[in-house]
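Right, one structure below, let's go through it.
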Amino acid sequence: MDATFSMEVPEEVVHVRDWVHEFAEDVIRPAAAEWDEREETPWPIIQEAAKVGLYTPDLFVQMAAEASGLGMLVVFEEMFWGDAGIALSVLATGLAAAALAANGTPEQLGEWLPQMFGTPDEPKLAAFCSSEPGAGSDVGAVRTRAVYDEAADEWVLNGTKTWATNGGIANVHVVVASVDPELGTRGQASFIVPPGTPGLSQGQKFKKHGIRASHTAEVVLDDVRIPGELILGGRERFEQRLAKIRSGQRTASQAAMMTFERTRPVVGAMALGIARAAYEYALQYACQREQFGKKIAEFQAIAFKLADMKSRIDASRMLVWRAGWMQRNNKPFSSAEGSMAKLFASETAVYVTDEAIQILGGNGYTREYPVERMHRDAKIFTIFEGTSEIQRLVIGRALTGLPIR
Ligand SMILES: Cc1cc2nc3c(=O)[nH]c(=O)nc-3n(C[C@H](O)[C@H](O)[C@H](O)COP(=O)(O)OP(=O)(O)OC[C@H]3O[C@@H](n4cnc5c(N)ncnc54)[C@H](O)[C@@H]3O)c2cc1C
């Protein structure tokens, strides 16, 4: 890694972080338990975020362009510190927007980014749909087909997507589909499905273990016709890429992988937010709760837990910030640093929230206290955006150069 990596947080980023923190503390935290129980999309909070300027394409673009690479990361950490389910409802659009930014042309970005977010008066959401019942970790097994209808200059999409965050309730759906199934992931592309396109419908909405305020559902694509230009990156570029692959030449990474590479540090920042929230709660509790005539934090068994929790949280932040900085400075993730950040922060969130319940004892296990919810919320981070096992495979392959399975 380059030695010029700086841990100094620019003033502009500190300012945004404090502003988002205030929103998380005042608006999100007080509503967390209610929306977790309701298992519904917290539209009033999304509207409030849009109204104050926190849920806008402008902030997204500004933070993506911010020079230190830390801007986006602190926004996500603070929001998830507030509450993971609500924060994902507000910010999952950012993941679809990342797909657009990773693979789209500047014209596509200019047209579709605003439609993903809507307006401050009428906010909208976006969804990124890659996973299918038979294609989770194995993205190459995607069966959704995109067939080009030359006469109409339209793509025709057919298939079923599953576990799509905001699936069916989004204004804009970004859908990964296979154009040439024989080429596996290399024959895939991402497509924009505009609002109200006939043939796209929501299937089952899932009831979940955690992040329950966030909507997760199947998306059914039944002869969905979209204009030819709505393939991300443009049809010409895609056809050129296919021709290269067919003639045996090397090409850049495929659609879904490009998106995941970009989002991994941000997903790490989300997990970090949950871990920090649980640690802070446990620390405060341990310094107040008394047993055997002493504060429980005075027992080494508890203090050592706090020491381990905080150490792993800070180590996670180092990894997440390093990956963010590398990305911003166009340094390749030659040791899969994005995956390292996502892996370590996710497992830290599960570990820290588990220890937080232990520190709170019986109280920690009840819904009267928030660490139980944080523990349920944390678990998704070792599963989505590439499971922990897949992250280890990616890191192992990057380190050894071997095709580890
Ligand atoms: C709440 C939620 C939100 C989601 N949001 C989205 C979304 O917005 N868009 C989207 O496209 N997807 C989304 N997903 C899907 C998510 O990305 C997948 O669940 C994830 O990629 C894992 O796929 P899978 O569930 O099919 O598990 P599988 O791939 O079946 O894996 C099962 C187990 O086998 C392990 N495994 C699989 N392959 C290997 C291997 N080669 N080596 C070692 N171990 C392996 C896995 O690590 C895991 O432990 C979401 C999922 C959930 C639950």
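The values are calculated or read from the model by the stated rules, or taken from the named source; none is laboratory data. Remember, predicted model here, so these are calculated numbers, not experimental data. Don't worry about glycine lacking a Cβ; one is built from the backbone with ideal geometry, like all the others, and counts go over all protein chains shown. Surface areas here come from the heavy atoms of the whole protein model, side chains and all, with no ligands, DNA or RNA. Shrake-Rupley method; radii C 1.70, N 1.55, O 1.52, S 1.80 Å.
Below is a table of values for the structure above.
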quantity	calculated
Distance in nm between pseudo-label sites at Gln62 and Met7 (7 Å out along the Cβ direction from Cα)	2.8
Share of carbon and sulfur in the accessible heavy-atom surface of the chain [1.4 Å probe, %]	51
Candidate lysines - alpha carbon under 21 Å from Lys208, same-chain residues fewer than 8 apart omitted	Lys161, Lys379
Share, in percent, of DSSP beta bridges within the chain that are antiparallel, nearest 5	85
Using alpha-carbon coordinates, inclination of helix 300-328 to the longest axis of the chain, degrees	30
Residue among Thr160, Thr197, Thr56 with the largest mean-square fluctuation in a Gaussian network model of the chain, springs linking Cα atoms under 10 Å	Thr197
Folded to 0 to 90 degrees: helix 388-400 orientation relative to the chain principal axis, Cα	70
Partner lysines for Lys295 [C-alpha distance under 24 Å; skip if fewer than 8 residues away on the same chain]	Lys305, Lys310
Between the range 1-61 and the range 182-198, the Cα center-to-center distance that results, in Å	30
Rounded if a/c under 1.5, otherwise prolate or oblate - the chain, Cα gyration tensor axes	prolate
Among Ala32, Thr105, Pro120 - extreme Cα towards positive end, dipole of the range 11-124, charges at beta-carbon	Thr105
Rounded tilt (10° steps) of 235-246 against the dominant C-alpha axis of the chain	90
Cα centre as origin, Lys/Arg/Asp/Glu Cβ charges: the range 255-400 dipole, Debye	340
Solvent-accessible ranking of Glu239, Glu107, largest area first, probe 1.4 Å	Glu107, Glu239
Exposure rank, largest accessible area first [Ile357, Ile383; 1.4 Å]	Ile383, Ile357
Debye, to nearest 20: dipole size of the chain, +1 on Lys, Arg Cβ, -1 on Asp, Glu Cβ	1340
Heavy-atom accessible area order for Val61, Val220, Val266, Val20, largest first, 1.4 Å probe	Val61, Val220, Val266, Val20
